[in-house]
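As structure tokens, the structure follows; a few thoughts come after it.
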Amino acid sequence: MKYLYILLLSCLMHTVWAQNKLSAESRVSLVTIAPGTELYSFFGHTLIRVYDPATGLDRAYSFGTFDFQTENFYWKFLKGTLPYSLSYNNMSDVLNYYSQYENRTLREQVLALNEDQKNQIFQALEKNYLPENRYYQYKFFYDNCATRIRDIFEQAAPGAYSWATMSRLEGLSYRDWMNRYLPSTAWVTFGMNLALGLPSDVIADASQSCYLPDNLEIATAQAMLNKQKLVEASFTLFEAQANPSGSFDILGPIPVLLAISLVLVILSLRFSHKKGLLYGMDIVLFFIYGLFGILIFFLATATDHEVMSNNVSCFILWPIHFPLVFWFAKNHRDGFWLKYVRIAFIVAFIASLISGYLFYGLFIIALPLLVRLFFLSRFNSK
């Protein structure tokens, strides 16, 4: 009887393995989804497609899934502790969603892998899909939907990606690559750059630049396996209709911030600080910049977002502007206030030059504050 149990168990294990093993006719592909029009889709997306006509399997695996129903979702998102997971869907559903609902181009690259390599990728995906392995802490630059796929492909086909020869993917920082996908004059672009610290300005090598799906697609197209191209076939699954290009936004950050700065210059030359209008504008200005300073300082020091640490913008948007505004607005001739605005101006000016070098918009963000700090220090010196 014991031997019968062993035999039955062996048959069961063989059946389970057979169901999780791809046939010789199977295909493993990289599917790249073009950027969309919403913030979450600005950088595109990437999937692994596993297709096996022998079993009818046609799955699209994604490492970029999160659940809005997660407890304390927004707090975890802000803290950088929101769990992301691997998920899969039928490829037909994926194609229908991105083509019909989001109008985003999908391109597929079929990989020239042998049966063992295809099964290695498939088994890696299945292992990652186990409940105990499915969830991970997402890192936008370092550990996302594209980098995880890059790592799986490199493990299955060692040496295929010759990163040293991919000069097209070198020479830019993480921030520079990111900004290529953001509208150049949008509030969201200014805000995202404001939140990023110095780690985002490290120059990414070719492999690291593949945190972006488009770059992973380019690298895969250049990869060689056994002196043959890693991609044996590539084609477009869906070609999106062109979206009209955006027109100049008069309420965008550049016209708004420049207009505020100009108004502050005119009022600062025309009125003294004790006048009601300028007095009220100082309270509003330092209140807003102080609140943003608290947020940026929190992101830089109290979250798991490594790329937001060591943020030069903290020296522009001083968090203490917010609580001190209620004191110095009434005591603007006090000696401490004079020292405060002078030091704040010098530090903010130097920091804005450094930040503006990294991204021009950060200097424009600092401009209204610099204008008032400059005139307040001059006014109090009289």
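Things worth noting here:
- Here the simple spin-label model places points 7 Å from the Cα toward Cβ, and for Leu258 and Lys139 these points are separated by 3.9 nm.
- Computed over the chain, the per-residue total of -39500 (n - 2.57) for DSSP H runs of n ≥ 4 gives a 222 nm mean residue ellipticity of -15000 deg cm²/dmol, rounded to 500.
- Heavy atoms of the protein chains alone define the surface here; on that basis the chain has 53 Å² accessible area per residue at 1.4 Å probe size.
- Positive dipole terminus of the chain, leading residue within Tyr101, Ser313, Leu225 (C-beta point charges): Ser313
- Subtracting the Cα-Cα distance of Leu78 and Tyr97 from 0.36 nm times their residue separation leaves 4.0 nm of extension gain.
- Label zone (Asn243, point 7 Å along Cα-to-C-beta; backbone nitrogen cut-off 11 Å) within the range 63-102: 102.
- For the set Lys118/Lys227; Lys139/Lys227; Lys79/Lys118, the pairs lying more than 27 angstrom apart at their alpha carbons are Lys139/Lys227; Lys79/Lys118.
- Per-residue ³J(HN,Hα) for the range 107-112, Karplus 6.51 cos²θ - 1.76 cosθ + 1.60, θ = phi - 60°, Hz, x for Gly and Pro: 10, 10, 10, 7, 8, 7
- Rounded to whole Hz, the Karplus (6.51, -1.76, 1.60) HN-Hα couplings of the range 54-66, x for glycine and proline: 5, 10, x, 6, 8, 10, 10, 8, 10, 9, x, 9, 9
- Fully extended contour minus Cα-Cα distance, from Phe68 to Ala221, at 0.36 nm per residue: 51.6 nm
- Here's the picture: a label point sits 7 Å out from the Cα of Leu295 along the beta-carbon direction, and within the range 174-199 the residues with their amide nitrogen under 16 Å of it are 186-197.
- Geometric extent, Cα atoms of the chain - Rg, Dmax (angstrom): 27.0, 103
- Using a probe radius of 1.4 angstrom, the carbon and sulfur fraction of the accessible surface of the chain is 62%.
- Each residue, Phe326 and Leu353, gets one label point 7 Å from its Cα in the Cβ direction; the gap between the two is 3.6 nm.
- Ser309-Phe287 FRET efficiency (beta carbon distance; Förster radius 41 Å; 0.05 resolution): 0.95
The values are calculated or read from the model by the stated rules, or taken from the named source; none is laboratory data. This is a predicted model, so every value here is computed, not measured. All Cβ positions, glycine included, derive from the backbone under ideal geometry; neighbour counts span all protein chains shown. Just so you know, the surface numbers come from the protein's heavy atoms only, side chains and all, with ligands and any DNA or RNA stripped out. Shrake-Rupley method; radii C 1.70, N 1.55, O 1.52, S 1.80 Å.
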